Amino acid sequence: MIVLILASIISGLWVNRSCSRLISLSDKITYLYENGNRDEAVATARKLEHDWEHFRIIAAVLIKSDRLSEVDRISTRISYYAENGRDELVPELIELHHILEQLRDSDTPKLSTVL
């Protein structure tokens, strides 16, 4: 029982930390893109995509896949939009930010979810 509780707490903290890092990256891309620093925005978008893929591999075991699929859909387009200067980039990043916040907040360990 203690092992299950610890696993739940650790996995919840990992999801929380990972989502926070992805949110920071999406905010950084928005800032860079809006301030005309397109090359850095593209590099950061690629990092976001890479970090998301790494997160998704492990998160697929911990989180329902339907909750991950929306982020998956958006994250695959971010680099393309940044590289090509598409107007859709900022709205997509805003949506990504909100979805990641929901994912992070819903998987924060709470006593009721651990027990």
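The values are calculated or read from the model by the stated rules, or taken from the named source; none is laboratory data. Keep in mind that what you see is a predicted model, and the values were worked out from it rather than measured. Methodologically, a virtual Cβ is constructed for each residue, glycine included, from the backbone with ideal geometry; neighbour enumeration extends over all protein chains shown.
Got a sec? Which of Ser8, Ser18, Ser69 is at pLDDT below 85 and in a helix (DSSP H, G or I)? Break it down stepwise before answering.
Working: Ser18 fails: at pLDDT below 85; Ser69 fails: at pLDDT below 85.
Answer to the check: Ser8.
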Within the range 64-78, how many residues turn out to be under 12 Å from Leu103 (Cα atoms) and within 13 Å of the chain's Cα centre (by Cα)?
5
Within the range 48-66, can you find the residues that are surrounded by 15 or more Cβ atoms within 10 Å (Cβ to Cβ) and outside any loop (DSSP other than H, G, I, E, B)?
Leu48, Glu49, Asp51, Trp52, Phe55, Arg56, Ala59
Return the pairs, sorted by first residue and then second, in which the second residue is small (Gly, Ala, Ser) and part of a helix (DSSP H, G or I), the first residue lies in the range 42-64 and is touching a residue at least 40 places away in the same chain (Cβ under 8 Å), the beta carbons are less than 7 Å apart, and the residues are 6+ apart or on different chains.
Val42/Ser79; Val42/Ala82; Leu62/Ser11
Matching residues in the range 1-13 - criterion: being surrounded by fewer than 19 Cβ atoms within 10 Å (Cβ to Cβ) and in contact (Cβ under 8 Å) with a residue 12 or more places away in the chain
Ile5, Ser8, Ile9, Ser11, Leu13
Matching option when the condition is among the aliphatic types (A, V, I, L, M), closer than 19 Å to Val90 by Cα, more than 12 Å from the chain's Cα centre (by Cα) and not in a loop (DSSP other than H, G, I, E, B), among Val42, Val3
Val42
